[in-house]
Structure formats: C-alpha cells, structure tokens
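Peer 1: Let me begin by handing over the structure; questions about it come next.
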Amino acid sequence: MISSFLTIQTSPRRGRGIFATKKINKGTVIEVSPVIVLTEKERKTIEKTLLFHYVFEWGNDKKSAAMALGYISLYNHSYDANCEYEMEFGKKIMTIRTVKNIKKGEELFINYNATPNDKTEVWFDTK
C-alpha cells in the first residue's frame, strides 16, 4: 500500500526523494511494502554494487539485508526525520509512518539509524 498523496520528485543534492502532494497528519501510515530478503552471502555481493545504497539491514542479528519494494528505498535520510520505518521480519514488510505533521510539497525523510532523531553518523556522512 502506497498512499496516493505521495510522489517521487527531484530532491535538492540528493537525487530522487518522496514528497507529499497534500498535508499529512502526524501518526499517519503512508506506506506498507513488501521486502525481498537477502542472505548474508547475497548481502555481501550487493554491497559491491549500486544497490548497496538502497538496502536495509535485516533480521535481529542484522546479517541479512532487505530490498524494500514500493517507494521505501527512495526515502532520503535526515537526522531530524519526519517519518519512521518499522520492520516486520516475520511478515517481510516495512511500514512508513509520519512522526510530524507534513506540509503539502514537503519532502519525507527517514533516519537511516532507524530512530527519527538519532544523530549517530551514518556510513555516507562521516566527517
């Protein structure tokens, strides 16, 4: 399920991103999408390709990876995210929910650390 009020647009300095075409209230589930789960061996292969930037660590041990379908792999990172994601390992799905009110035209962000305001440096943002 991808909400009809989401769209893919060009994001400044980030390539593509997900944007709201209308106001969205805090706490709204905006996407529920299946994932393709990759084994630890497959993950190591993917990490050598462009797809490395689009997969999520998967499983309690974080050794596997998942390629999210739908728009999920296109949400950009922010340390002050306006959305959060939830992984349901058994169902092999991910859910995106707003954690702030979203304005029409605003880009939707997730924190790649899995917590909306976690300031731990992510792999591509080392200083």
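The values are calculated or read from the model by the stated rules, or taken from the named source; none is laboratory data. Just so it is clear, the structure is predicted and the values come from calculations on it, not from any experiment. Virtual Cβ from ideal backbone geometry, glycine too; neighbours counted across all protein chains shown.
Peer 1: Criterion first (in contact with a Leu (Cβ under 8 Å, 6 or more places away or on another chain), under 23 Å from Val99 (Cβ atoms), surrounded by 15 or more Cβ atoms within 10 Å (Cβ to Cβ) and of a type in the set (A, V, I, L, M, F, W, C)) does Ile2 satisfy it? Steps first, please.
Peer 2: Details: in contact with a Leu (Cβ under 8 Å, 6 or more places away or on another chain): no; under 23 Å from Val99 (Cβ atoms): yes; surrounded by 15 or more Cβ atoms within 10 Å (Cβ to Cβ): yes; of a type in the set (A, V, I, L, M, F, W, C): yes.
Answer is no for this residue.
Peer 1: Let me ask you something else. What are the residues in region 36-66 that are over 28 Å from Lys103 (Cα atoms) and either among the aliphatic types (A, V, I, L, M) or in a strand (DSSP E or B) (or both), if any? Walk me through it before giving the result.
Peer 2: To start, the set of residues in region 36-66 that are over 28 Å from Lys103 (Cα atoms) comprises 36-52, 57-66.
Selection gives Ile36, Val37, Leu38, Ile46, Leu50, Leu51, Glu57, Trp58, Ser64, Ala65, Ala66.
Peer 1: So, in region 70-92, of the ones that are surrounded by fewer than 20 Cβ atoms within 10 Å (Cβ to Cβ) and of a type in the set (A, V, I, L, M), which residue ends up farthest from Ser4 (Cα to Cα)?
Peer 2: The residue in question is Met87.
Peer 1: So, one more: Within region 81-116, restricting attention to residues that are within 13 Å of the chain's Cα centre (by Cα) and part of a loop (DSSP other than H, G, I, E, B), which residue is farthest from Glu57 (Cα to Cα)? Spell out how you get there, then give the answer.
Peer 2: Here is the first cut: in region 81-116, the ones within 13 Å of the chain's Cα centre (by Cα) are 81-87, 93-98, 107-116.
Now narrow it down to the ones that are part of a loop (DSSP other than H, G, I, E, B): 81-82, 111-116.
Numbers: Ala81: 19, Asn82: 21, Asn111: 13, Tyr112: 10, Asn113: 10, Ala114: 10, Thr115: 14, Pro116: 17 Å.
So the residue we want is Asn82.
Peer 1: Could you grab me the full set of residues in region 11-55 that are exposed (fewer than 11 other Cβ atoms within 10 Å of the Cβ) and modelled with pLDDT of 95 or more?
Peer 2: Scanning region 11-55 gives Asn25, Gly27.
Peer 1: Restricting to region 56-68, name every residue that is surrounded by 12 or more Cβ atoms within 10 Å (Cβ to Cβ) and modelled with pLDDT of 85 or more. Show your work before the answer.
Peer 2: Going residue by residue through region 56-68, those that are surrounded by 12 or more Cβ atoms within 10 Å (Cβ to Cβ) are 56-59, 63-68.
Of everything in region 56-68, those that are surrounded by 12 or more Cβ atoms within 10 Å (Cβ to Cβ) and modelled with pLDDT of 85 or more turn out to be Phe56, Glu57, Trp58, Gly59, Ser64, Ala65, Ala66, Met67, Ala68.
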